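Coordinate-derived values only; no laboratory data. Being a predicted model, the structure only gives us computed values, none of them experimental. Heads up, the Cβs are rebuilt from the backbone with ideal geometry, glycines too, and the neighbour counts pull from every protein chain shown.
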Amino acid sequence: MSSIWLLMGLLVLSYAGSFLVGRRGVGGGLPASTEYVVLGFVLGPGALGLVQRSTLAVMEPVAHAALGWLAFVLGLQYGINHGRRVRTVRVIASWTGGLLTGGVIAAAVYGVLRLAAPAGTLDERDRLLIAGGVGASTAETSRDVVRWAVHRGRAAGRLTDLVGDLAHSDDLAPLLAAASLFALSAERDVETAHQPAWVWLTVTLGLGALLGGMTAVLLGRTFRLAEAWSVMLGMSMLAIGTASRLGLASVAAMFVMGTAVSALSPHRADLTAMITPTERPVMLPALLLAGAGVDFTSARWLPWVIAAALAARLVAKQLVGLAVLAVAPSARPSGPRLGLGLSSAGALSVGIGLTFALRFPGPVGGAALAAAAVAAVVGEMVGPASLRACLRRAGEIQEAVEPAPPVTPLVLMDTPEPPPAEAPAS
């Protein structure tokens, strides 16, 4: 299959999907759109083989651009829930929960690799990259499941706001972990490349902050739509190209760029309204490419790694839920399933997994991508139902009540009226 025709098919499918299932309050579809990951896997080399690995390699630049743009959109909306800034204490709580989840998963995967991977197949650096990559790509809580609960379940209340604030603020932890791991393996074929990892991490975050500040300056005080698109696209391609050339995490740089534009530009609301509609048309082809790139046969130890990551993720999310119940009075009516309600993984998880697969081809990147894809699918089975049950128990879901059918009056069959009585003869 030609890569051009495949690209056109992905674009057509993405736009059609964005129109058909974009209105999640009314239409169907899974909350985090993981059906596209499954579709990509079915079409890819791991199943039907309609998409070859050579075609996936040709489309790597498209994947880099799509993932970077998605990270920029997330950064532009970071820490903002329903148009309001998330309180600092909740942002810190979301960081803590993300770091705890990623750390527990990474520790479990590292322990499994020490037991399941044969001696000599992986060195210590590869074990750290696999454990850290799986932890970074499976640590988040998808904000899409909260949107689904709000729009489709018509949820509203203090618990809904709390869960939404946590989901809209935990993106930084996995992206920072990915940037740190990429900094350990930055490209060595450029001048001044022999630098410690913390220098490359600073370059990653500084690149995003610098280009974000330049973007805010170039946008100026007067908002013009055409100029805004030119500045955004130009700066985004510069950030993605520079980070990819240096072997750094372009998703982390673009995320920081988005947060910098959001913080420094007076046109944040206009930019958000302009860019948000592009999220789904870009996200769906990226999810399809990620699903097509999943390979469960890349290593014998991969099933054990995925099982350990899933179990550790559920345990860690349950611990986060119990901590939220302990410190937040508004969450206590939800019950003990709140942690499972936070177990949904979305496009960010799959995107980080695909980023690792592009940067570290082979077992290292393949493990992160496969674990992220499976975590997203399992999260769709567990997270939405658990969150809905918690919100219902807290009394914050307005159950749709079908109107009663109109009552029609009982009409008796027409019966012939008796003939009028004749007047008696006088």
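Quick notes on this structure:
- Whole-Å distance, taken between Cα centres, linking the range 58-75 and the range 123-153: 17
- Alpha-carbon Debye profile of the range 131-220, log10 I(q)/I(0) at 0.15, 0.19, 0.22, 0.24 Å⁻¹: -0.79, -0.94, -1.02, -1.08
- Taking other C-beta atoms within 10 angstrom as a stand-in for reagent exposure, ASP123, ASP165 fall in the order ASP123, ASP165, fewest first.
- The Kirkwood hydrodynamic radius of the range 210-356, based on inverse pair distances between different Cα atoms, is 18.6 Å.
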